[in-house]
Amino acid sequence: MLYGQASQADASDRLVGLNFEGPPVPNQDEPEVPVGDLTTENFSVIYDDENDQHFVVVDSTAMVDTFENDTDYEFDDGDEFTANFTVYDNSDLVDDDATVTGDFDVEDRDAELDTNEDDEIVLEAASEQEVTGETNLAPGTEVDLELDSDTSGDPFVKRPEAVVQQDGTFTATADFSENSAGSEFTAVVTTVDSDDYDGRLVDASTDPVTDTPDTDTATETPDEPTDTDTATPEPTDTDTATPEPDTDTATEGGDTATETGTSSGSGPGFTAALALIALVAAALLAVRRNN
């Protein structure tokens with residue numbers, strides 16, 4: 001079981017202890033709050049079986065309240081505290097008392113909303129409008145916003161909620177589909193002591209519509225033939241002789257046959273198939289002569 005920090009006199013039955021030490025106070029003992037004073041409802045011990053580690057999770061609000069009630073100390077932004085964790089030697093974990101410490105700072109809760117260059121929040125008069133911001137609240141904390149109309153002709157109050165992400169950002173979504181472009185509003189984060197932000201609505205953007213050509217339009221075909229006759233030239237009487245490719249030319253003085261290729265494979269009557277046959281015939285001839 002986890003106890004508060006114990007003195008050496010009453011530590012005989014303690015296994016571990018945890019306390020929080022505040023900044024020095026002139027002419028006073030150093031303020032501290034044992035975790036045992038927080039009551040078990042305000043802290044829990046979590047065991048990480050995979051890494052054989054223990055974590056103590058403390059409700060910081062309860063710690064602040066206890067600190068202020070027990071020590072008459074008031075927290076200020078920027079105060080530094082020390083968490084002091086001790087394992088006593090009457091446990092099987094250590095041979096002697098072992099203590100580790102960790103420092104942490106106190107910060108006032110804060111949140112800021114994102115604006116444009118004119119320090120305004122500009123949203124569309126449409127649904128699913130996002131208001132984004134950043135805070136020092138812990139990830140997973142719920143943030144409440146209020147968007148209150150300043151235009152008498154378009155009264156509204158929107159109260160969207162958001163959840164703080166791991167990087168400290170948050171996004172709240174509001175519906176303005178029933179409101180008018182040109183309306184002005186004031187935005188504030190009600191979860192913290194936030195500044196006020198000016199905002200306004202603009203016309204909802206629309207995606208451009210691309211006209212699709214009518215594919216059913218029939219192409220008109222003239223019923224009457226044209227009067228212009230195109231004369232077809234008569235073929236000439238001159239016959240062009242196509243030379244036969246000489247594929248069997250060989251060098252007599254040697255054993256190597258020389259293949260004679262054609263200058264073009266596009267002549268009349270000479271197709272790719274015939275060219276392939278000619279090359280094969282030359283190769284066979286070369287083989288026969290080598291034998």
key: Every pair of residues 6+ apart whose Cβ atoms lie under 9 Å, when the first sits in region 192-205 and is closer than 20 Å to GLU117 by Cβ and without any contact (Cβ under 8 Å) to a residue 24 or more places away in the chain while the second is assigned to a strand (DSSP E or B) and of a type in the set (Gly, Ala, Ser)   = ASP196/ALA187
request  = Go through region 49-65 and give me each residue that's assigned to a helix (DSSP H, G or I) and under 16 Å from PHE104 (Cβ atoms).
outcome  = SER60, THR61, ALA62, MET63, VAL64
Residue, least open to solvent (accessible area, probe 1.4 Å), within region 95-114, restricted to residues that are under 23 Å from THR190 (Cβ atoms) and part of a loop (DSSP other than H, G, I, E, B) = VAL106
ask   = Inside region 180-202, can you point out the residues that are open to solvent by 80 Å² or more (accessible area, probe 1.4 Å), modelled with pLDDT of 95 or more and farther than 18 Å from THR132 by Cβ?
value = GLU184
note = Result of the Cβ filter at 6 Å on region 76-93, keeping first residues that are touching a residue at least 40 places away in the same chain (Cβ under 8 Å) and closer than 30 Å to GLU107 by Cα and partners that are open to solvent by 50 Å² or more (accessible area, probe 1.4 Å) and among the aliphatic types (A, V, I, L, M), at least 6 apart or interchain, is PHE85/VAL100; VAL87/LEU93
request  = Considering every residue within region 73-94, establish whether at least one is closer than 20 Å to LEU137 by Cβ, open to solvent by less than 70 Å² (accessible area, probe 1.4 Å), modelled with pLDDT of 80 or more and in a loop (DSSP other than H, G, I, E, B).
outcome  = yes
query = Cβ-Cβ below 7 Å, separation at least six or inter-chain, first residue in region 124-140 and at positive phi, second open to solvent by less than 60 Å² (accessible area, probe 1.4 Å) and part of a loop (DSSP other than H, G, I, E, B): which pairs?
reply = GLY140/VAL164
ask   = Do the conditions hold for GLU50, that is, is it exposed (fewer than 12 other Cβ atoms within 10 Å of the Cβ) and at pLDDT 80 or above?
value = yes
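The values are calculated or read from the model by the stated rules, or taken from the named source; none is laboratory data. This structure is a prediction, so every number in the text was calculated from the model and none was measured. Here Cβ is always computed from backbone atoms with ideal geometry, including for glycine, and neighbour counts include all displayed protein chains. Each accessible area value is taken on the protein alone, full model and side chains, heavy atoms only, with ligands, DNA and RNA left out. Shrake-Rupley method; radii C 1.70, N 1.55, O 1.52, S 1.80 Å.
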